[in-house]
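Data block below; observations after.
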Amino acid sequence: MGKTRFENMRILLICTTDNMIWQFLTPHLQDLISYGAKVDCVCGKTGFWFDDLKEMGFSMIELKMKRSPLNLTNFKAYKFLKKLHRENNYNLIYCQQPTGGMLGRFIGKKFGLPVIYTAHGFFFFKGNNPLKNLIFRSAERYMAKFTDILITMNEEDYVASKRFKAKKTYKINGIGLDTDKYHENENLNFAKFLSRESDSSSILVEEKEVLFNLNDSINDVINLEKNNFDEYEDFKKSLSISPEKKIILSVSEFIPRKNYQTMLKTISKLSKERQDFVYLMCGSGREFEKMQDLAKKLKISEFVRFLGYRKDVNKIMETSDVFFHQSFHEGLTMGIIEAMHFALPVVASCVRGNKDLIDDGYGGVLTMPEDLKAQVLALNMLLDDKKMREKMGQYNQEKSVKYSLEKVREQLKHIYRENGFID
């Protein structure tokens, strides 16, 4: 690699929370460092992620920020960032999320620094409160004037951003799913095709070869199937789920916009029609205990499992049958992309971000986020029809390739190259 503009640059990356960096940004930070840049990461410390990132060798600086960019307490964060820049003389601001984006661009404006802003979902969106939309849209329009590169992740945000006056505007396919981390367990995925009402081993072998491009002999494949079927059942037992139960899965943070309240009410209605399923929820957040209380109030404790934050979500997805996600708005949620990679059909809310990922009727079913009747209907349809689940799952798996880490890295390289940061 020849000399790049990134070489010897000091970059200030501003992100609202440490878990955003830990879960999604580390490969992209590593790329910046590989180009020769020195990157300081400023973020809030919300869990083990901050210390993990330090142990991984990243330069981490703790700064408390509020999620809402208009919260007045963020003024203290702005004063801290001004002091930090005066001490370190940064060459570039690289900011993420609404609050990080606001603070970073004000710092860029104050000191005349170039700014790259990645919008993980604007705070204005279709279906939101009109007054809030007016406020946040106006704020983004104003801050775009001192944004050199504005990166969006879904069509609705991209269309909106084109009306602003950032110097350059782009759309990328999310943060990028690192599929390499799943390779050691990828064969387990095929166990779902063995678990219920298999037609014949020859059909299963054909499906496996299509999904994973394996070149094993038929005997080797059958042996793998048997071993992974045992692993599949053992893993269900570890979650206290009987083998005949179908699994509905949600993976997201327990915060209001993820809409767990509606999903639990949907599960309550579903449980009155059938009892052959379990609903698993992976994630943590400030509404975790509140949702546990709601499940007790709805008397559905036997149908639900609150699994908390998990590092083995891939295994859980491999044992699941349907992915369920009814958020009020998204940027481009990694949870759905992961579900697509693991060949799951998805019942998702018909909102920004989700509409980019799930093709209604092909990869799953889109419903309105508070339409319990439609959600129950969609879940019943998929739980009853194994062939439909497999067909939609395969469709999603093929589509998920465009959201891979490799593809997104190439998109970011194109942006860096077009703007003279790399050769």
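The values are calculated or read from the model by the stated rules, or taken from the named source; none is laboratory data. Small disclaimer: the values here were computed from a predicted structure and weren't measured. A quick note on method: Cβ atoms are made from the backbone with ideal geometry, for glycine too, and the neighbour counts reach across all protein chains shown.
Residue 166 meets the conditions (1) in a helix (DSSP H, G or I); (2) farther than 26 Å from residue 335 by Cα; (3) at pLDDT 95 or above; (4) of a type in the set (A, V, I, L, M, F, W, C) in every case but one. The failed one is (1). For the stretch 346-357, the criterion of being crowded, with 18+ Cβ neighbours inside 10 Å, in contact with a Pro (Cβ under 7 Å, 6 or more places away or on another chain) and of a type outside the set (Ser, Thr, Tyr) is satisfied by at least one residue.
Working only within the stretch 343-366, note down all residues that are in contact with a Phe, Trp or Tyr (Cβ under 8 Å, 6 or more places away or on another chain) and of a type in the set (Val, Ile, Thr). If the condition is that a residue be in contact with a Phe, Trp or Tyr (Cβ under 8 Å, 6 or more places away or on another chain) and of a type in the set (Val, Ile, Thr), then 346, 347, 351 are the ones that fit. Residue 302: over 28 Å from residue 234 (Cα atoms) and acidic (Asp, Glu), yes or no? The answer is no for residue 302. So, residue 315, is that one at pLDDT below 95 and over 23 Å from residue 20 (Cβ atoms) or not? Yes; evaluated as a whole, the condition is true for this residue.
Condition check ((1) crowded, with 22+ Cβ neighbours inside 10 Å; (2) of a type in the set (Phe, Trp, Tyr); (3) assigned by TED's automatic domain parsing to the domain that holds residue 31; (4) closer than 20 Å to residue 253 by Cα) across all residues:
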| site | (1), (2), (3), (4) |
| --- | --- |
| 335 | yes, no, no, yes |
| 340 | yes, no, no, yes |
| 360 | no, no, no, no |
| 373 | no, no, no, no |
| 379 | yes, no, no, no |
| 384 | no, no, no, no |
| 390 | no, no, no, no |
| 395 | no, yes, no, no |
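Screening the candidates 325, 329 for the property of being at pLDDT 95 or above, under 17 Å from residue 256 (Cα atoms) and touching a Lys or Arg at 6+ places or on another chain (Cβ under 9 Å) yields one hit, 325.
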